[in-house]
Amino acid sequence: MARNTHVAADHNAPAVTRILGNFVATHPSQGWSPEVDHEAHRTFMNWLGCAVGAAGHESAQAALAAVAELQPAAQATVLGRREKVDMASAALVNGITSHTFDFDDTHLKTIIHPAGPVASAVLALAEHTGASGRAVTDAIVLGIDVACRVGNAMYPDHYDRGWHITGSTGMLGAAAACSRLLGLDADKTTMALGIAASQPVGLREQFGTMTKPFHPGGAARAGLMSALMARHGYTSSAKALEAPRGFMQVISAKTDWNEITDELGSRFEISFNTYKPFACGIVIHPSIDACVQLREQGVRPEDVERIDLRVHPLVLELTGKKEPTDGLLAKFSVYHGCAAGLIFGRAAEEEFSDHIVTRDDVVALRRKVMATADANVDEAASIVKAVLKDGREVNVTVEHAIGSLQRPMRDADLNAKFHALADPVLGAGQVGKLIDACWKLGQTANVGTITALARP
C-alpha cells in the first residue's frame, strides 16, 4: 500500500544543535548579570524545598521501591530521605518529588517547569563528582536556557498536541547542564543534546496521576545519561534538533528558530521564571487568587449562592475536573481551587490533601462554582463573581496572579514556603541551615554540604 510521504519540512533550518552545544560548552562562568544569578539561586531553593517536602509521598516510595530492585550504588542523595542511590536514580526520584505537589517553578511563556529536570540531574551528578556550587549554578542557568529556548520555539503547537512540555524539553536541559558540569567540549555537548533528543518524556493524558511527576524525573535521568554517554564517545546526529526528521520538526509544526538563537548568551530564560504560592496547575492560580480576595472582602462560604467564573478555554481544558476524588486530581480542578481559596484563604499542599478534597463543606462549595470558557479572557487572568444568598454580588478581576512576573514572590516568601514544605521532614532548625546554604550556593566549595543538610 502506497504512503503519502510528503512532509512540509524546513530543510534550511539553522544548525541549532551545534549552536546550543557550543553555547553551553563555551559560555563563561557567571557570564550574566547578578540579577540572573540571584534568580538561579531562587530557582534552586524553590526546587529543593519542593523535593524535600514530597519525600514521603507514596509516589516517592513506589519509585524508590522500583529503584531498589536494581541494587543501585550509593552515589547520590534522595532529598528528604536517608537513602542514597545511583546518581541516575537520584535524578529520577528527586525529579519526581520536586513535581509531585505541583508546587515547583514555572516559565510562564511555555508552562515549562524547568528546575525539575535540570536541577535534579545536576545535583545528583554534582554530589557524586564533588562539584562546586558555582559549577552547579552555571549549569542550571545554561540548562534551563536550552530547555526553555527550545520550548519557546515549539510552544504552543507542541503542547497542544498533547506533549507535557516540561518532560519533552527537560531532557535537553538536563543533558546540557550535565555536559557543562562534566566539562564536555562543544562537539561532545552537541552529541549529548542529540542523544537526549531521542528521549522526549511526557504526555498530558497523565495529568492527575503519579506519572505526571515522573516526566521531569524521567527527563532528568535521560539527560544525565545522555551526557555520560557522550563523555565516553557515544555519538548522535549533529542535527538531531533541527533536521526534517529531527526532534523539533517531528513533534511540532511550529519551529521558530529565532527563539533559540536570538540574544543567545545575553538574554537568559531563567530571568522569566516564576514560583507558585499555590500547589496546583498554574492556570488555576488567578482564580484562587480571586477567591482569596473575595474572602478578604468578607465573603463567607456559607453565604454563597454560587460563584460565577470566567476563564480562558485552556483553563477548563487543563483543569476542568468537577468532582476530583483525591489530591492529585484536585490539582487539576479549578473548582476545587476556588473552594480552597474561599474557605482557607490559601491553597498550599495541605488544601490538596485527600481528606480536604473529600470534606463535605469543600465538596458543597466546589459544586457552587460555575465556570465559563471565554476566549476574550487572557490565560493569566480570571473574572470571578460571588452571588450571595441575600442577593448581593461581589466581583473580583485578577489580571495577573500573585507569583507571576508582575506580582512576584519575594525571597522572604520563598523562605516561608520552604519552611512549610520541609520543616515536617527535616525539622525547622535544619531547614533554616539548608535555606542559608541554598542562598550561598554559588559560594559553596562542594555541594555535598547541601545534600547532607537535605537528609533527615
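Quick notes
- Qualifying residues in region 404-423 (those that are assigned to a helix (DSSP H, G or I) and free of Cβ contacts under 8 Å to residues at least 12 places away in the same chain) - the one nearest to residue 34 (Cα to Cα): 412
- Scanning region 80-106 for residues that are touching a Gly at 6+ places or on another chain (Cβ under 7 Å) and either at pLDDT below 95 or aromatic (Phe, Trp, Tyr) (or both) yields a single hit, 101.
- Qualifying residue in region 308-323 (condition: free of Cβ contacts under 8 Å to residues at least 60 places away in the same chain and crowded, with 22+ Cβ neighbours inside 10 Å): yes
- Flag for residue 295 being in contact (Cβ under 8 Å) with a residue 24 or more places away in the chain and farther than 30 Å from residue 146 by Cα: yes
- When the test is whether a residue is under 16 Å from the mean Cα position of the chain (by Cα) and among the hydrophobic types (A, V, I, L, M, F, W, C), residue 154 does not pass it.
- Here 357, 369 are screened, and the one residue that is β-branched (Val, Ile, Thr), modelled with pLDDT of 95 or more, at negative phi and more than 25 Å from the chain's Cα centre (by Cα) is 369.
- Extreme residue, surrounded by the most Cβ atoms within 10 Å (Cβ to Cβ), among residues of region 234-287 that are aliphatic (A, V, I, L, M) and in a loop (DSSP other than H, G, I, E, B): 241
- Of all residues in region 204-232, exactly one satisfies the criterion of being under 23 Å from residue 123 (Cα atoms), part of a loop (DSSP other than H, G, I, E, B) and in contact (Cβ under 8 Å) with a residue 24 or more places away in the chain, namely 210.
- With respect to (1) of a type in the set (A, V, I, L, M); (2) crowded, with 24+ Cβ neighbours inside 10 Å; (3) under 30 Å from residue 349 (Cα atoms), the lone exception for residue 210 is condition (2).
- Selection status of residue 414, crowded, with 19+ Cβ neighbours inside 10 Å and modelled with pLDDT of 95 or more: yes
The values are calculated or read from the model by the stated rules, or taken from the named source; none is laboratory data. These numbers were taken from a predicted model, which means no experiment stands behind them. Heads up, the Cβs are rebuilt from the backbone with ideal geometry, glycines too, and the neighbour counts pull from every protein chain shown.
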